[in-house]
Amino acid sequence: MKQSVSLPNECILRKATSEDIWSIRWLVLSAKLDPTQIRFSQFSVIECEGKIVACGQLRNFYDTQELGSLVVSPAWRNRGLGTLVTRHLIEEATQPLYLECLGQPLAEFYTRFGFVVIAFEELPRSLKGKFGLSQLGKKLLGVPVIFMHYPSS
């Protein structure tokens, strides 16, 4: 059963602007995510009380998109903001949608939206290069990386 989640009062979900870049970088770095692929124009943010408290991006590749950099500020967690950003990005996607995440709890989060776990070999060629290092870490070091795909209807 899908539960309804709505934005808290005084919060807005919007496309990021160039003024948001440092807030986005701070969120991404604080979550220990890869800060090298941050392009503010690909981000959506949730702004509450004048502050960016959640973000996520759709990275564009030749024939696909990646949902990435989904972060909610610790003080704003457990209010459904990650759910709102994820749903928004799924709706915004215009090409086949993929993601990589660390660990079963995150995979279970994305499964709620319809993402399914796939093998590295099932990734489109355009993502194999980007996710190759993660796959190597998975094989050699046992890093719990999981690749997922959103099957379009």
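Some notes on this structure:
- For the range 2-70, a simple Cβ point-charge model (Lys and Arg +1, Asp and Glu -1, everything else neutral) yields a dipole of about 100 debye relative to the Cα centre.
- Ligands, DNA and RNA aside, E47 has an accessible area near 50 Å² when probed at 1.4 Å.
- Cβ distances below 4.7 Å define possible disulfide partners, and in the chain the cysteines left without one are C55, C101.
- Computed accessible area, R39, all protein chains, 1.4 angstrom probe, square angstrom: 120 Å²
- Counting 0.36 nm for each residue step from K32 to T17 and taking away their Cα separation leaves a gain of 3.2 nm.
- Pairs from K32/K138; K32/K139; K51/K130 whose Cα-Cα separation, in the structure shown, is over 28 Å: K51/K130
- The chain: angle of helix 125-141 to the longest principal axis, Cα-based, in degrees nearest 10: 80 degrees
- Projecting label points 7 angstrom from Cα along Cα→Cβ for Y62 and I118 puts them 1.6 nm apart.
- Partner aspartates and glutamates whose Cα lies under 15 Å from the Cα of K15, excluding those fewer than 8 positions away in the same chain, are identified as E47, E91, E92.
- Ordered from highest to lowest accessible area with the whole protein assembly present and a 1.4 Å probe, I12, I146 read as I12, I146.
- Probe 1.4 Å - accessible area at V117, Å² to nearest ten: 90 Å²
- A full extension of the chain between E91 and A75 corresponds to an added length of 3.1 nm, given 0.36 nm per residue minus the alpha carbon distance.
The values are calculated or read from the model by the stated rules, or taken from the named source; none is laboratory data. None of the values given here were measured: they were computed from a predicted structure. When we count neighbours, we look across all protein chains shown, and the Cβ atoms used for this are built from the backbone with ideal geometry, even at glycine. Accessible surface areas use protein heavy atoms only, side chains included; no ligands, DNA or RNA. Shrake-Rupley method; radii C 1.70, N 1.55, O 1.52, S 1.80 Å.
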